[in-house]
Each structure stands twice: as C-alpha cells, then as structure tokens.
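The values are calculated or read from the model by the stated rules, or taken from the named source; none is laboratory data. The structure presented is a predicted model; accordingly, all values stated were derived computationally and were not measured. Here the Cβ positions follow ideal geometry from the backbone for every residue, glycine too, while neighbour counts run over all protein chains shown.
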Amino acid sequence: MDPIFIIGTERSGTNLLRLILNTHSNIAVPHPPHIMKNFSKLEPLYGDLKNDANFKALVKDVVKMVELHPYPWAVTLNAERIFREAVDRNLISIFFSIYKQYLESSFKARWGCKSTFMIYHVASILKYYPSAKFLYIVRDGRDVAASAKKSIFNRYCVYYTAWVWKNEQQIGVYWLNKLDRRNIFLLKYESLLNDPEVTVRSICSFLDEPYQGSMLNFFSTPEAQKSGKISAAWRNTASPIIKNNFEKFKVELSKDEIDLFENIASEELDHFLYQLTRPFYISENARAKGIKFKISYLIEEFFLMLKVQGKHLLTDKNNILRLKKFWFLKFIRIVRTIRWR
C-alpha cells in the first residue's frame, strides 16, 4: 500500500498526528530518526555508492544512527538485508528499506513517516512511490515560534523560526498546487484541535482507510504514554486533545516578536487565513524594504539554546542517546570529510 508522509514544519502538531495515525490498525508510524535530514548532506562523502564497500558503509552508519535515536525503535534492523534489498544505491532507498523492516515488526499493512523534513524530498519520494500520500499540516507560524522558543530539535529565536516556517510553507504550497488532490491533503492544526473527529474522518477518507474511533483515544496507547515520558517536548502527546489550544503567541511572544514574524511571513500567514495583528500592508511594506539581520538575533538564539537544552538535560530521559546521536553524526562528518579529501 502507498506510504504516508506527514510534511510541514516542526512544532506544528505532527507528533499528535503521528500518534493518531499510529493507533489505526492498518498504519504504523514510528517516531522519526530523520534519516534524510541527517544524512542527505553526508551521502556524497561516501563516494561512488555503486561500490559495494561504500554503500555498505553508508547502510551501516544509517542503521547505527537509528539505533541511537532518542526515541528508541522496538525493532532490530538487519543491515545486510537493507544492502541487498535497496532498490537503488542511494540514501532514500536505504530509508525505504528501513521503514519496510519497521513495518514488518509492527504486523500492520502500511507505513508512514513523520519526519516533516521530507517536505524537501517530495520529488524523490514520487519517483519511487507515484501514489504516495502526503499529509501537509499547517499551524499558525506565530504559535510555531512560541512553541519553538521552549523546545529542543528546532531553531529558537523568532527571527530564524519565521524564515524556516516561511520557506517550508512556500514549498508546501508549491506541492499543493502541483499534485493531484489524491496525493496531498492540507490539514490545519487548528481544525484538528477544534473538530478532531470530523478532521480525522477526512484524513482517513483521503488515505482510503476506514475511520476507527480508537484513533481519538491515541493518548491511552503505550506508544503515546512512552512519548509523553521520554521528553518534556512531547509531554502533551500523552493527554487528550486540548480544544482551542492555539493563538498562544498572543501571550507568549512580545509585540516586537509578533511584528518581526509578520514582517517576514505576512504573505504566508495571509495565504492560510491567519489573521495578522496589524494591517497586512504594514507588514508587506516592511518586508518590501528587506528584513535586516541583527547580531542580537544570533545572541538570542545562543542563549535560548543554552536555556532550553539545559532544562531538557535535567528533565528528559533520552539525553544520553540524544547526545550519542549528535556526536556520532559529528564524528561521521569529520571522518568522511577527511577521507573524501
């Protein structure tokens, strides 16, 4: 069956959507180790992948990274099988093979991927799965920025978050306009919160899967309970959906931060009908003049990172694996760069 890809921007409710889908009896959506995000830039450093040794080395390193994933998978990957069964000698074929092995361990019929960064690889996915299903989830970017300031795995300063959100919505809109509606589904995070049953029924219809009432009891599953305990960033996933849990940016961001975000991404906010806090033309005029970078944004990013990372070091249960994965990827980059030269 056609795989499912949740695409969009981090901190947009994708963990919630993953758990809802994973509760379905036909669908397996593991927490993503972000294979394509972490290895796309490393792939060229392995040399000619038609060479068995080079391709085996890439497979081995990708498998090792998955094993170090801070949200451990309950499956032992077979690297030799991945080497043998990869459709092509490239990273995305390794990615597909790994998810197929996970699917086998789940005893379900269909796999999905929650790595929002796959929004950068839609064309490559379609090469191998022309009928793949994309769930493009959009959340008010200002709420994304408010959430990002308090969580790991993302940018922190509103300036950087705004540019990431803007760029990824532009890519998402491109695919919305290009793909058949049988391939891509636009999901507003706010709609999922306010009317979860209607929204999930619509998602199931798009996926050609029967709606199952148990999907909205996702929070009681072992997967959701595990998610909520591993990291403070995922704590809400072990609780029922909180209705009207949006527009928190009005309290959690300063007026200057809101203005900055709207100056950068007013066009995208307006496109998705997120009401601006001031007239559209003001933000558009500011954007037309160019949003100048300030060194204060870089300083803010650094200190927010220290604050958030420090907090999670004290509260999260996955810190050892998270640090091992981080330094493993750094090691791979250094070693492979040296060999390449």
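Figure legend. Inter-residue proximity from the range 41-53: first residues without any contact (Cβ under 8 Å) to a residue 60 or more places away in the chain, second residues basic (Lys, Arg) and part of a loop (DSSP other than H, G, I, E, B), beta-carbon distance below 9 Å, spacing 6+ or different chains. Indicated pairs: 48/89; 49/89; 50/89; 51/89. If you filter the range 200-231 down to residues that are among the aromatic types (Phe, Trp, Tyr) and within 18 Å of residue 112 (Cα to Cα), you find that the one that is surrounded by the fewest Cβ atoms within 10 Å (Cβ to Cβ) is 211.
Being within 17 Å of residue 100 (Cα to Cα), modelled with pLDDT of 95 or more and either in a helix (DSSP H, G or I) or among the small types (Gly, Ala, Ser) (or both), is that true of even one residue in the range 29-48? Yes, the range 29-48 has at least one match. Taking first residues from the range 75-91 that are under 19 Å from residue 40 (Cβ atoms) and modelled with pLDDT under 95 and partners that are of a type in the set (Gly, Ala, Ser) and part of a loop (DSSP other than H, G, I, E, B), no Cβ contact under 9 Å between residues at least 6 apart in sequence or on separate chains turns up. When residues in the range 262-300 are screened for being in a loop (DSSP other than H, G, I, E, B) and under 22 Å from residue 190 (Cα atoms), 7 of them pass.
From the list 75, 66, the one residue that fits, being over 16 Å from the mean Cα position of the chain (by Cα) and either closer than 22 Å to residue 110 by Cβ or in a loop (DSSP other than H, G, I, E, B) (or both), is 75. Mind telling me which of the residues 58, 21, 16 ends up being modelled with pLDDT of 95 or more, closer than 19 Å to residue 224 by Cα and not in a loop (DSSP other than H, G, I, E, B)? Answer to the selection: 21. Restricting the range 173-199 to residues that are surrounded by fewer than 13 Cβ atoms within 10 Å (Cβ to Cβ) and not β-branched (Val, Ile, Thr), the residue that is nearest to residue 214 (Cα to Cα) is 197. Residues of the range 290-316 that are loosely packed, with under 11 Cβ neighbours inside 10 Å and at pLDDT below 85: 310, 314. Out of the range 92-115, which residues are assigned to a helix (DSSP H, G or I), out of contact with any Lys or Arg (no Cβ under 8 Å at 6 or more places or on another chain) and either among the hydroxyl-bearing types (Ser, Thr, Tyr) or within 22 Å of residue 14 (Cβ to Cβ) (or both)? The answer is 92, 93, 95, 96, 98, 99, 100, 102, 105, 106. Where helices (runs of 4 or more DSSP H) fall entirely within the range 118-178, those with at least 1 residues that are within 13 Å of the chain's Cα centre (by Cα) and in contact (Cβ under 8 Å) with a residue 24 or more places away in the chain are at 141-148, 158-178. The helices (runs of 4 or more DSSP H) found entirely in the range 192-255 that carry 1 or more residues being of a type in the set (Phe, Trp, Tyr), under 18 Å from residue 12 (Cα atoms) and modelled with pLDDT of 85 or more are 249-252. Can you pull out every residue in the range 106-152 that is closer than 18 Å to residue 173 by Cα and surrounded by fewer than 17 Cβ atoms within 10 Å (Cβ to Cβ)? Across the range 106-152, the qualifying residues are 120, 123, 126. Scanning the range 129-145 for residues that are of a type in the set (Gly, Ala, Ser) and within 24 Å of residue 71 (Cα to Cα) turns up just one, 145. When 152, 137 are checked against the criterion of being among the hydrophobic types (A, V, I, L, M, F, W, C) and modelled with pLDDT under 95, 152 stands alone in meeting it.
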